[in-house]
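Every read-out reported here was derived from the displayed coordinates using simple, explicitly stated rules and does not represent laboratory data. These numbers were taken from a predicted model, which means no experiment stands behind them. Neighbour counts are summed over all protein chains in view; Cβ atoms, including those assigned to glycine, are modelled from backbone coordinates with ideal geometry.
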Amino acid sequence: MSDSESLELRREGGCLHVTFQRPEKRNAMSLAMVEAMIAAFTEAQVDPSVRAVVLRGAGGHFCSGGDIADMQRAASAMNDDGTDAIAALNRRFGAMLQALDGLGAAVVAVCEGAVMGGGFGIACVADITLAVDGARFRLPETSLGITPAQIAPFIVQRLGHSHARRLAVTGATLGAAEAVRVGLAHELVAPDQVDGALQGVLDQIRRCEPGAVAETKAIMRRVGTAPLDDILDTAAVDFAERARSETAQAGMMARLIRQPPPWATG
């Protein structure tokens, strides 16, 4: 797996732990950090042994968004090929979110402290988001005179237009409990119970067959992008193929004899 000074990667069995390592900046994302994340997610996507990706920030904060210093430098620069440097920087962040969203593995975000801007977007992309009591979720972009350009589509997908627009036009801060209430996060966790809550989620993920998880996520991503008949027709064919597989047969037999499926013990 790729690594960088701003990103710590650690494997524990089938789980890849990705920790943002810029605590002095509340884990604001530099371009180098974004590139390291793209590399890590790209490698994880083609590694069948990665069943879960856990995202967390060092120093008590999840992520405070993009590095403003990087944006200021890029705002007055052009790339060697004549393209707009800040547009390219912004789009790379979008590419990172797409790589994360496209992972077949389950994605878990542990959100503590500042969860702002790009960090807010990552929280919206994760399959399971744990909101640690005391966390603060906010979209500050419009208060800075800019837009959440790459984040906005993912926020709408997660929260719907109503909450997404409210947060965009007010820059309001959500506490951890309200983040759970509006559907941004899934579970409110006390600070001293984070490790136990995370382990509980990983135990649940382990009970699910990795290929079935990846295919289910792929079906869900197609909703709203293709006609419903097309989605259901394709899903039926894939379902039949999977139902006949040795993997599914083993899983169904394990259920009948009340034993854990093979993948739950790996």
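Annotations for the structure displayed:
- Three-way shape call for segment 154-266 based on the alpha-carbon gyration tensor, with the a/c threshold at 1.5: oblate
- Counted by neighbouring Cβ atoms within 10 Å, the residues ASP67, ASP127, ASP203 run from fewest to most as ASP203, ASP127, ASP67.
- Think of it as helices only: each DSSP H run of n ≥ 4 in the chain is worth -39500 (n - 2.57), and spread over all residues that comes to -15000 deg cm²/dmol at 222 nm.
- Rounded to the nearest whole Hz, the Karplus-based 3J(HN,Hα) values (6.51 cos²θ - 1.76 cosθ + 1.60, θ = phi - 60°) of segment 44-59 follow the sequence 5, 5, 9, 9, x, 7, 7, 9, 8, 10, 10, 10, 7, x, 7, x, with x at glycine and proline.
- Kirkwood hydrodynamic radius of segment 89-216, from the reciprocal of the average inverse Cα-Cα distance over all distinct pairs: 15.1 Å.
- For VAL54, the residues whose amide H sits under 5 Å from its own are LEU16, HIS17, VAL18, VAL108, ignoring neighbours fewer than 5 places away on the same chain, with H placed 1.01 Å from N.
- Largest-first principal axis extents of the Cα set of segment 8-148 (Å): 45, 37, 22
- The tail of the calculated P(r) for the chain beyond 24 Å holds 52 percent of all Cα-Cα pairs.
- Order of CYS124, CYS15 under a 10 Å beta carbon neighbour criterion, fewest first: CYS15, CYS124
- Lys, Arg +1 and Asp, Glu -1 on Cβ, resulting dipole of the chain about Cα centre, debye, nearest 20: 620
- Relative exposure of SER162, SER245, SER64, judged by other C-beta atoms within 10 Å (fewest first): SER162, SER245, SER64
- ³J(HN,Hα) computed for each position of segment 157-166 - Karplus, 6.51 cos²θ - 1.76 cosθ + 1.60, integer Hz, glycine/proline x: 4, 7, 9, x, 5, 4, 5, 4, 5, 4
- Dipole of segment 7-206 computed with +1 at Lys/Arg Cβ and -1 at Asp/Glu Cβ about the Cα centre; of LEU89, GLY196, SER64, farthest Cα towards the positive end is SER64.
- Extending 7 Å from Cα along the Cβ direction at GLU178 and again at GLU12 yields two label points whose distance is 3.2 nm.
- Cα convex hull, segment 205-266: 82 Å³ per residue, rounded to a whole number.
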